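The values are calculated or read from the model by the stated rules, or taken from the named source; none is laboratory data. The shown structure was predicted, so the numbers you read here are calculated from the model rather than taken from an experiment. Because the Cβ atoms are built from the backbone with ideal geometry, glycine has one as well, and the counts that use them run over all protein chains shown.
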Amino acid sequence: MMKNVEHIGIAVNELEKAEELFSTLFNIMPYKRENIASQGVITSFFRINQTKIELLEATGPDSVIAKFIEKKGEGFHHLAFEVDDIQLEMERLKKEGFTLLSEAPVIGADNKLVCFLHPKSTNGMLIELCQEIKS
Ligand SMILES: CC[C@@H](C(=O)O)C(=O)SCCNC(=O)CCNC(=O)[C@H](O)C(C)(C)COP(=O)(O)OP(=O)(O)OC[C@H]1O[C@@H](n2cnc3c(N)ncnc32)[C@H](O)[C@@H]1OP(=O)(O)O
Ligand SMILES: [Co+2]
């Protein structure tokens, strides 16, 4: 079952500059930076009460973030929803006709298993599912 919005992903050209801007905008500092090599991104996280913002900078020209910014410019990139059981949710959404971008969940940032739905199957919006990794 889909629960709350887990985070909002924002594509940026320069993480350091964007961190400064969003720190001023929100009047808080980012709480962590994480390099996710498998996604070709460096992330920086802000938390405003229940709302989590994920800034995404490309680590190279082949990164999906570099490609996205080249086409659409910086800005809103994806909306991530928390789920209890990502495998179950992926199976349900696949049966409903949505296009999943991986057959199995992959390791994301901030201790999560993640999976993406193709924006062509979701009215043009990239959606991420996240399940917390319990140790
Ligand atoms: C840090 C880890 C993780 C977390 O834990 O939170 C993350 O958030 S990582 C975030 C970065 N990773 C991803 O986005 C992975 C999933 N995305 C992809 O696999 C690709 O970006 C894509 C969606 C399959 C698109 O890739 P591709 O087909 O190679 O690129 P195109 O430029 O040709 O795009 C095709 C089509 O889709 C449109 N598009 C692309 N990205 C988005 C987007 N974020 N939102 C809306 N639409 C998007 C793109 O504009 C193209 O449309 P047309 O131009 O109309 O053909
Ligand atoms: Co994300």
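Within the range 14-54, the residues that satisfy the criterion of being in a loop (DSSP other than H, G, I, E, B), on the phi < 0 side of the Ramachandran plot and within 15 Å of ligand 1 (Cβ to nearest atom) are Pro30, Tyr31. Of the strands (runs of 3 or more DSSP E) that lie entirely inside the range 67-135, those containing 3 or more residues that are surrounded by fewer than 19 Cβ atoms within 10 Å (Cβ to Cβ) span 75-83.
Each row is one residue, and each column tells you yes or no for (1) within 25 Å of Glu16 (Cα to Cα); (2) modelled with pLDDT of 95 or more; (3) within 14 Å of ligand 2 (Cβ to nearest atom); (4) among the polar types (S, T, N, Q).
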residue	(1), (2), (3), (4)
Ser44	yes, yes, yes, yes
Gly60	yes, yes, no, no
Ile65	yes, yes, yes, no
Phe81	no, yes, yes, no
Ile86	no, yes, yes, no
Ser135	no, no, no, yes
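Would you confirm whether or not the range 44-52 contains a residue that is over 12 Å from the mean Cα position of the chain (by Cα), crowded, with 19+ Cβ neighbours inside 10 Å and closer than 14 Å to Gly9 by Cβ? Yes: the range 44-52 contains one or more residues that are over 12 Å from the mean Cα position of the chain (by Cα), crowded, with 19+ Cβ neighbours inside 10 Å and closer than 14 Å to Gly9 by Cβ.
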